[in-house]
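The values are calculated or read from the model by the stated rules, or taken from the named source; none is laboratory data. In this text, all values refer to a predicted model and were calculated from it rather than measured experimentally. Here the Cβ is made from the backbone with ideal geometry for all residues, glycine too, and neighbour counts use every protein chain on show.
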Amino acid sequence: MARTISYREAINEALAQEMERDASVIVMGEDNAGGASVGSPGEEDAWGGVLGVTKGLYGRFPGRVLDTPISESAFIGAAIGAATRGLRPVVELMFIDFMGVCFDQIFNQAAKFRYMFGGNALTPVVIRTMYGAGLRAAAQHSQALYPVFTHIPGLKVVTPSSPYDAKGLLIAAIRDDDPVIFCEHKALYDITGDVPEESYAIPFGEANVVREGSDVTIVAIGRMVSVALQAAEDVAGSGIEAEVIDPRTTSPLDEDTILESVEHTGRLVVVDEATPRCNLATDISALVAQKAFGALRAPIEMVSAPHTPVPFSDALEDLYVPNPQRIVNAVKAVTEWKR
Amino acid sequence: MTDDRIQRVTMPKWGLSMKTGTITGWVAAEGDEISQGDDLVEIDTDKIAGALESTWEGVLRKIVAEAGSSVPVGATIAVVAPADVSDEDVEAVVAQAREQLAAGVVEEEDAGAEVGTVEVDGRSISYATMGEGEDTIVLVHGYGGDKNSWLFVQEPLSHMHTVHALDLPGHGASSKDVGDGSLETMARAVLGFLDARGIGRAHLVGHSLGAAVVAAAAAEAPARVRSLTLVAPVGFGSDVDAEYLRGFAAATSRRQLKPLVGRLFADESLVTRQLVDDLLRYKRIDGVGAALQRLVDTLLDGDRQRIDTAARLGGVDVPTIVVWGREDRILPPTDINAAANVRVVDRAGHMVHMERPADVRHAVEAAVAAG
């Protein structure tokens, strides 16, 4: 039966159900158990992660939820190593912004083991990480760095936009034998949606057409999906019906769904919170320009953050993240464009 | 005092999750004489579109909710009354209905369905019950379906009868384990449901595989079954769209599933994004793939039907009515031996209970009357 739970609870449930099903699944990261050390009052007091996503797992699965030292290079490396030796770790890179200190472990080691060892090494690690702006966490705790991981062959990159997708994609990630970067937008943890109680896996590389329309295709990543839906409602008032596509995974990317849609609408707007140089908007725009050029009736519009660090000032941060009005402006630009 | 010959046409509840419906167009106009069974208005829910049939008699005096409006389930959308009821009385009712609509207040005349689960043979069986009446009807869906597929049939039948719709093992919100996936296992789940709900005897209605299941249940326990209504039934003849059955089990994406699901209907435009999305969500659940595979093995012998429902019903003396869509592409209507009363419905495909629910409803009523 489906019932309404939050994005945070959906992720927690995915972890719990997979840990129940498969004893080799372990959870590790900074404060993933959180304060439940020997002699402490017990798991009721355990943090369960900086924003409570892993709460309750420590008590249910003794010995399988590990608090790590504050050293990403050490514990991300350890998780990757453990994955090659038969465990299926779900390790938390608390903020995607910290990737710098453990990037070699991820892009040079985990991503390449399978290839370089001729298929003899599998690295079934899931790196869960928080990304995104809007919570006043400032420049070093608010970036959207999934394009960097998307660029690396050998990694799979997931950007769930809803509780239903979060649970199904995380279950799929844990069952996947390759390294998966699971990107959770920190401003989505409290959103709610219908989620089945049972376990289910959503395949990678399958986009979700969240809204159907014939006048313009809007591809949006992660939290931008709900912003795009708002913009779609706004332009519907002017008689423009927008098709909103959520790729769900940036790697592998469901090219076919995007191309089919543009072939039908002839117009594309890509909404990507990541900064504009070499982000998913540029990637998808180039793909469409290359493979569906004949179908395009207007240049492609990209809506992203500006090429700056994320501001700490409330007023500036609010201007930084794409909002519905900017998407509406982009839709108008493509629908009103004349040569 | 309000003339109690004034009847309110209300937004029906089609399906458990329906909260509001959008009126897409009125078929009847103000001033028209309305009879039972007339199509009154076209309504879209987020799942599907359908026509509301009249269960009212009289003159359509006033339309309260115009085309384009979205209205909560249970709210008044029109007023029907005999021609001699005064305009003032009608207007009073209309004004009240408009106020309620504006305030978002909904009359709780229809409390909706009771949803629950029972344990049968170690499996959870999910069900939805509507209405209260002398006769008990149990609706059993087909392969890949669930209790919500009866959305246009359960509610109208529930005005006069107790109507249960259940999810077979492997489907809907029931346990996804189908055991050996045999017809006997499915039939036992239905009989077990009757036991668990304290139902002595019931009128069984089954669609497609569900029809073979209720027939098997009747063969196993004829004393429990007052009548059978078989809708587009499996097991009469050997022709079947085997590719559909296998393809449905194997499909993992919208692209694969949508064209297959289109084959279920005479009017393919009924296949909405939401419908396909709901099916995908069901198919992703752990265990569903394996369950559907088992059922395909139960249904198929090579590319032909394996089950022989006609044979099963051989010695069973239970009034039986068969309803079939003329344009059924999954199980083409065949000549059934005379014993059963067969009704073939025009402009309907395999999902005849969704495309022509009135015809299915009438068939069920006839079976109930005979049983």
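What to note about this one:
- Number of the exception - A:E260 against (1) free of Cβ contacts under 8 Å to residues at least 60 places away in the same chain; (2) among the acidic types (D, E); (3) within 17 Å of A:A144 (Cβ to Cβ): (3)
- The residues on offer are A:K112, A:K156, and the sole one that is within 13 Å of the chain's Cα centre (by Cα) and of a type outside the set (G, A, S) is A:K156.
- Against the numbered list (1) within 14 Å of chain B (Cβ to nearest Cβ); (2) under 19 Å from A:V101 (Cα atoms), A:Q143 comes up short only at (1).
- Verdict on A:A83 being touching a Leu at 6+ places or on another chain (Cβ under 8 Å) and within 14 Å of another protein chain (Cβ to nearest Cβ): no
- Between A:A281, A:A274, the distinction of being farther than 15 Å from A:A231 by Cα, assigned to a loop (DSSP other than H, G, I, E, B), among the small types (G, A, S) and not assigned by TED's automatic domain parsing to the domain that holds A:E184 belongs to A:A274 only.
- Meeting the requirement of 2 or more residues that are more than 11 Å from chain A (Cβ to nearest Cβ) and in contact (Cβ under 8 Å) with a residue 60 or more places away in the chain, the helices (runs of 4 or more DSSP H) wholly within region B:241-310 are B:242-250, B:273-284, B:288-299.
- Within this structure, B:R254 fails the test of being at pLDDT 95 or above and not aliphatic (A, V, I, L, M).
- Filter result (among the β-branched types (V, I, T) and under 25 Å from B:S175 (Cα atoms)) within region A:152-191: A:I171, A:I174
- Selection count where residues are in contact with an Asp or Glu (Cβ under 9 Å, 6 or more places away or on another chain) and surrounded by fewer than 19 Cβ atoms within 10 Å (Cβ to Cβ), scope region A:109-121: 1
- Residue match in region B:2-11 (condition: in contact (Cβ under 8 Å) with a residue 40 or more places away in the chain, surrounded by 20 or more Cβ atoms within 10 Å (Cβ to Cβ), of a type outside the set (A, V, I, L, M) and under 29 Å from B:L166 (Cβ atoms)): yes
- Count of region A:236-257 residues, restricted to those that are more than 25 Å from A:V148 (Cβ to Cβ) and either assigned to a loop (DSSP other than H, G, I, E, B) or touching a Pro at 6+ places or on another chain (Cβ under 9 Å) (or both), is 5.
- Just one of the listed residues (B:V360, B:V344) is in the same structural domain as B:D180 (by TED's automatic domain parsing) and in a helix (DSSP H, G or I), namely B:V360.
- Checked against the criterion of being without any contact (Cβ under 8 Å) to a residue 40 or more places away in the chain, farther than 21 Å from B:M160 by Cα and not in a strand (DSSP E or B), the candidates B:E42, B:E30, B:E66 yield just one match: B:E30.
- Restricting region A:197-231 to residues that are of a type in the set (G, A, S) and away from chain B (no Cβ under 14 Å), the residue that is surrounded by the fewest Cβ atoms within 10 Å (Cβ to Cβ): A:S226
- Of all residues in region A:244-253 being buried (at least 23 other Cβ atoms within 10 Å of the Cβ) and not aliphatic (A, V, I, L, M), the one that is nearest to A:A220 (Cα to Cα): A:D246
- Any chance B:L245 is over 20 Å from the mean Cα position of the chain (by Cα), buried (at least 19 other Cβ atoms within 10 Å of the Cβ) and at negative phi: yes
- Subset of region A:254-276 (residues that are away from every other protein chain (no Cβ under 14 Å) and under 23 Å from A:E184 (Cβ atoms)): A:V270, A:V271, A:D272, A:E273, A:A274, A:T275, A:P276
- Within region B:204-238, being in a loop (DSSP other than H, G, I, E, B), over 18 Å from B:E184 (Cβ atoms) and at pLDDT 95 or above holds for one residue alone: B:A232.
- Residue match in region A:179-193 (condition: without any contact (Cβ under 8 Å) to a residue 40 or more places away in the chain and within 14 Å of chain B (Cβ to nearest Cβ)): no
- Condition broken by B:A266, with the remaining ones in (1) within 19 Å of B:R347 (Cβ to Cβ); (2) surrounded by fewer than 20 Cβ atoms within 10 Å (Cβ to Cβ) satisfied: (2)
- Residues located in region A:122-143, provided they are of a type in the set (A, V, I, L, M, F, W, C), under 23 Å from A:T68 (Cβ atoms) and surrounded by fewer than 22 Cβ atoms within 10 Å (Cβ to Cβ): A:L122, A:A137
- Restricting attention to region A:45-93, the residues that are closer than 23 Å to A:H141 by Cα and aromatic (F, W, Y) total 2.
- Apart from one condition, A:L170 fits all of (1) more than 14 Å from chain B (Cβ to nearest Cβ); (2) touching an Asp or Glu at 6+ places or on another chain (Cβ under 9 Å); (3) in contact (Cβ under 8 Å) with a residue 24 or more places away in the chain; the exception is (1).
- B:D89 vs. criteria more than 14 Å from chain A (Cβ to nearest Cβ), surrounded by fewer than 19 Cβ atoms within 10 Å (Cβ to Cβ), of a type outside the set (G, A, S) and part of a helix (DSSP H, G or I): yes
- Only listed residue being small (G, A, S), surrounded by fewer than 17 Cβ atoms within 10 Å (Cβ to Cβ) and assigned to a strand (DSSP E or B), chosen from B:G37, B:G25: B:G25
- Candidate set: region B:169-186, residues that are surrounded by 24 or more Cβ atoms within 10 Å (Cβ to Cβ) and in contact with a Leu (Cβ under 8 Å, 6 or more places away or on another chain); chosen: the one nearest to B:Y127 (Cα to Cα): B:S174
- Residues of region A:225-251 that are over 19 Å from A:V321 (Cβ atoms) and either aliphatic (A, V, I, L, M) or touching a Cys at 6+ places or on another chain (Cβ under 6 Å) (or both): A:V235, A:A236, A:I240, A:A242, A:I245.
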